[in-house]
Structure formats: C-alpha cells, structure tokens
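Peer 1: Mind having a look at this structure? Questions to follow.
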Amino acid sequence: MLSLDHIHFAPDEITRVPLCDLGPSHGLSAGAVKMYQRFFELESVGLQGDDLNGMLGAALDGVLATNAQLVTQSGTLFYCRTQTHHGFADQDWLRCLADDHGLASWEVNSLTMTSCASALAAMRFIQAIEDDHPVIILTGEKAFHYNVARLPVGLLAELPTAALFNAGPDKRSGKWTVLNTSVRHMPRFFQNPDAMAADDRRALQDEYLSGLIGFVEDSLNNFGDVLSDDFRVLPHNLNLPVTRALLRHFEWEPRCFQGDIQRLGHGYCSDIFVNLTDYEISHPNQISPGTQVFVLAAGTGVTFATCLLERTDFT
C-alpha cells in the first residue's frame, strides 16, 4: 500500500480573480463570462503570482519545511502536468528545481499523457511498482494566458501543491493510506474538443457521462473488498453539471465534498490535493481513523481516474 503523509497547499498565496477581470488573460467576452457564471457557477479563478519555478518551488519548500530528513534521502519527484510546451526541458529545469531545493539525490520525472488525471495515474503507477522510497508529486501550472486558460466546461487556475508519500517508517504510518486506484482511457477522444471532428464531438457529448458512470461503477466493484459503507466523495473542480449528474445517479449528494470550485476554478492535476486539504480543514468532525474518501479526476484524452483513501492517523 501507498502512504500519503503530507500535502502542502497554501490558499493564502492564491488571489481569486473575478471572472469580469479575466478578459485579457482568459480571452473571455462578456457573453462568455455570463455563460461560465450561469452554467458552471464560476465566480473567480485562482492566480499564483510567481513564475512557474517560483510557485512550484514554494510548494516544495512547504513539504521540506516539515520533512527536513528528505534532503538526506533518495526518492523520486514526479511533476504531473497537462501542458507539454512549458518547463524548459532543454535546460533540464526540473532537475535544476530539485537540486536547488536540496533534492540532488532524487530522481525526477514528468508525467503528462493523462492530462488532469495525471496525479491519480502517478499514484497508481507508484503503488504498482511497490517502491518504498519517498515520493513527492508536484502539481500546478501557469494558466493566465488566453491560449491555455479555458475549457468548454471550466476555467483553469494556478494552484500549486506538493504531496509527500512513503516518508514514514512503514506504509501505514502516514495520514492517509491509498487502498486502491483505477484508471481508464477512452481513446477515441484523444484530441481536445476544439480539434475533434464534428462526429467525435457529438459522440463525446453523448458518451462522456455514461462512460464516467460506468467507470465509477467498475471502480466501486474493484474496491469492494475494502470499501466501507460510509465513504465520502471528493470530485475534481470541473464541469459542475456533469459532476452533479453523476452524484444524482449514485445518490451521493449527502456524502460529497465538492471543494471551492466556484472561487478557485479548475487547477489541472491539483484539484484532488487542494480539495482533500480543504476537506481536512473544513470538516474535521467527519474525519477519524478509518474514514474513507473516494477521489475522482478526469483528463482530456479522455482519461478517468479514481482513488480510495483511508485515514490512518489523526495527528
């Protein structure tokens, strides 16, 4: 099993920019603003003021501040992202970022192909290889540019996080244990919707919700041997109408914690860590050893991913 020991997310470093001020950065017309407000209930989008290295470095510092032993250990740093065009790969920038923060003995990798489901896909991979070394999953991307800032079903935000795994003496010594994971691709829809043929776009609209429901049903069956009756549900911060349709289908509204999608927007791969942190802070009375959380993410491609977490420690 995989142990989730610590998540660093600093909400006080995030500026909530109202939709009416997003015209230059997100390419939003007045009509588009009204559409995102009406259909997706968005009020603002999260902005982190540093450049990419600065905001990811701050997230790393947040983990290292309470886990100083990591700089003397070997481990693996995964940067989970959706945008392949940034990051200065020719300058080995991720290696340099790790070195600058004392992680020179760590391996570094970047995971992209599953888009916004990449953090959960990385957790599935880490669990599968059964590596006992510590792992940090780093997420967060710069979003305030009109070429990358919006999706048909949501607006993208800058929400850097760092999640630490396997840092304790055994795999059940962290705050959460990863009991199981599941990932599924719908390969027909590998292109972004704007680039799809008309027939594929129509098929995606027709099949997305039913495909998501079918995937969640299969995940529940796969998790059945360890799944408790009173698990909580934490979905991603995207496509609120589809998320609500999914919750209605399973009658999960009372057990769902949605997170602050209205004021933060969609943080690429960060949503699961942002929402789990928010849930821990805002609902401590719902969390005790044995509490289970069913986490859901989706990425263009299309990739669906789920993860079942169980609370193992209440410190």
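What follows draws every value from the coordinates through simple rules; no lab data is involved. Computed from a prediction, not measured in an experiment: that's the story for all the values here. For neighbour counting, all protein chains shown are included, and Cβ atoms are generated from backbone atoms with ideal geometry for every residue, glycine included.
Peer 1: Go through 221-231, 60-70 and give me the packing order, highest mean Cβ count within 10 Å leading. Provide the component values of the computation, followed by the final result.
Peer 2: Numbers: 221-231: 12.5, 60-70: 16.0.
The peptides rank, most packed first, as 60-70, 221-231.
Peer 1: Could you compute Rg(Cα) / (2.2 N^0.38 Å) for segment 176-311, with N its residue count? Show your work: numbers first, answer last.
Peer 2: Details: Rg = 15.2 Å, N = 136, 2.2 N^0.38 = 14.2 Å.
Working it through for segment 176-311, the quotient is 1.07.
Peer 1: How many angstrom separate the Cα center of segment 95-114 from the Cα center of segment 1-77?
Peer 2: 19
Peer 1: Something else: Could you give the length gained by full extension between ARG95 and ASP12, i.e. 0.36 nm per residue of separation minus their alpha carbon distance, to one decimal place? Please list the in-between numbers first.
Peer 2: Numbers: separation 83, 0.36 × 83 = 29.88 nm, distance 2.78 nm.
Roughly 27.1 nm would be gained on extension.
Peer 1: Restricting everything to alpha-carbon atoms, can you work out Rg to Rh for segment 2-165 with a Kirkwood hydrodynamic radius?
Peer 2: Radius of gyration relative to Kirkwood radius: 1.01.
Peer 1: Mind listing the lone cysteines of the chain, meaning no other Cys beta-carbon sits under 4.7 Å from theirs?
Peer 2: Among the cysteines of the chain, those whose Cβ sits 4.7 Å or more from every other are CYS20, CYS96, CYS116, CYS256, CYS307.
Peer 1: Can you pull the one-decimal nm distance between simple spin-label points at ALA128 and MET1, each 7 Å off the Cα toward Cβ?
Peer 2: Distance between the two pseudo-spin positions: 2.1 nm.
Peer 1: How much of the DSSP bridge set in the chain is antiparallel, in percent, rounded to the nearest 5?
Peer 2: On the way: 36 of 51 bridges.
That works out to approximately 70 percent antiparallel.
Peer 1: A follow-up question, please. Could you check what % of the DSSP bridge pairs in segment 1-159 are antiparallel, to the nearest 5? If you can, show how the numbers build up before the last one.
Peer 2: Numbers: 7 of 17 bridges.
Given both bridge residues lie in segment 1-159, the antiparallel proportion sits at roughly 40 percent.
Peer 1: Taking Cα pairs under 8 Å and at least six residues apart, what relative contact order does the chain come out at, in percent? Don't skip to the answer; put the middle values down first.
Peer 2: Values: 635 pairs, mean separation 83.7, N = 315.
Rounded, it is 27 percent for the chain.
Peer 1: Can I ask one more? Calculated from the structure, percent of Cα pairs over 34 Å apart equals which of (1) 31; (2) 18; (3) 38?
Peer 2: (2)
Peer 1: For ALA245 paired with ASP218, estimate the spin-label separation in nm (one decimal), with each label point 7 Å from Cα along the Cα-to-Cβ line.
Peer 2: 2.0
Peer 1: Moving to a separate point now. Over segment 176-311, what is the mean sequence separation of C-alpha contacts under 8 Å (at least six apart), divided by residue count, expressed as relative contact order in percent?
Peer 2: Numbers: 181 pairs, mean separation 57.2, N = 136.
Taking the mean separation of contacting Cα pairs over the length of segment 176-311, I get 42 percent.
Peer 1: In addition: How big is the dipole moment of segment 176-311 about its Cα centre under a simple scheme where the beta carbon of each Lys and Arg is +1, that of each Asp and Glu is -1, and everything else is neutral? Debye, nearest 20, please. Intermediate values should be presented prior to the final figure.
Peer 2: Numbers: 10 positive and 17 negative charges, 42 e Å.
The dipole of segment 176-311 has a size of about 200 debye.
Peer 1: If you don't mind, there's one more thing I want to ask. Positive end of the dipole of the chain, charges at C-beta (+1 Lys, Arg; -1 Asp, Glu), about the Cα centre: which of THR76, ALA98, ALA197 has its Cα farthest in that direction?
Peer 2: ALA197
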